[in-house]
1. Tell me, what % of the accessible area of the range 53-128 is carbon and sulfur with a 1.4 angstrom probe?
2. Multiply the residue separation of residue 77 and residue 167 by 0.36 nm, subtract the distance between their alpha-carbon atoms, and state the gained length in nm to one decimal.
3. Give the cross-link partners of residue 96 among the aspartates and glutamates, using a straight C-alpha distance below 15 Å as the criterion and excluding same-chain residues fewer than 8 apart.
4. For the range 39-181, what is the accessible area per residue in Å², given a 1.4 Å probe and the full set of protein chains?
5. Stretch residue 143-residue 47 to full length: gain in nm at 0.36 nm per residue minus the Cα-Cα span?
6. What size of dipole, in debye to the nearest 20, comes out for the range 107-170 about its Cα centre when the only charges are +1 on Lys and Arg C-beta atoms and -1 on Asp and Glu C-beta atoms?
7. Want the number for residue 54 to residue 136: 0.36 nm per residue separation, take away the alpha-carbon distance, what's left?
8. Any idea how far apart residue 110 and residue 150 come out in nm if each label point goes 7 Å out from Cα toward Cβ?
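The values are calculated or read from the model by the stated rules, or taken from the named source; none is laboratory data. Model, not experiment: these values are computed from the prediction. Every residue, glycine among them, receives a Cβ derived from its backbone with ideal geometry; neighbour counts consider all protein chains shown. These area figures cover heavy atoms from the full protein model, side chains too; ligands, DNA and RNA do not enter into them. Shrake-Rupley method; radii C 1.70, N 1.55, O 1.52, S 1.80 Å.
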Amino acid sequence: MMNSRAIAILVVFALVGIGLAVFLSSKKGHDGTDSSSEKIQWHSYNDGITLARTQNKKLLIDVYTDWCGWCKKMDSDVYTDENIRTIVASNFIAVKLNAESSNNVTAGTDQLDEAGLARAMGVTGYPTTVFLESGAGPITKIAGYMEAKEFATVLRYIGEEHYKNTTFEQFKSSSGTASKN
């Protein structure tokens, strides 16, 4: 027979477990998705191209690999940032592209796999963020991890089309986001 101290410990663990379960389930919507915040809606390349054309939005293509630590850090620290999510939702169709995947995609009139498309875009390191016009014309690509604040500046520069008439350095200076060294 268990003593009263052991029973008290079991009751405490049970209550903590029930509390944790209630807390976690309260953050989920009725459909099981996280309702506490909007998340970036990621699309396949083919779906992204179609949506970009119909919604007249630019494409943000996150080119990653499964083994890339900086890609995972970009997902956990940057793409979860509220400001980043807001800018992406307003101006871009977000696409995930696995640079080592054999999943087929259509790029213009060409059929190739995601790995081939990443190579065709000139991606050689991960993560790389590729920006395309709504008609799939190239804007630019940025290799490497970027902190959320700097990435937000890039997203505004491209999403608001400042790249069409000013340099990035001029934009950073005029928008008050120039780094202080």
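1. Working: 1700 of 3810 Å².
Taking all protein chains in place, the range 53-128 shows 45 percent carbon and sulfur surface.
2. On the way: separation 90, 0.36 × 90 = 32.40 nm, distance 2.70 nm.
Result: 29.7 nm gained on full extension.
3. Residue 96 reaches 47, 62, 66, 75, 113, 114.
4. Values: 7550 Å² over 143 residues.
That works out to 53 Å² per residue.
5. Working: separation 96, 0.36 × 96 = 34.56 nm, distance 2.34 nm.
Gain on extension, residue 143 to residue 47, equals 32.2 nm.
6. Values: 5 positive and 9 negative charges, 20 e Å.
Rounded to the nearest 20 debye, it is 100 debye.
7. Working: separation 82, 0.36 × 82 = 29.52 nm, distance 1.21 nm.
The span from residue 54 to residue 136 would gain 28.3 nm if fully extended.
8. It is 3.0 nm.
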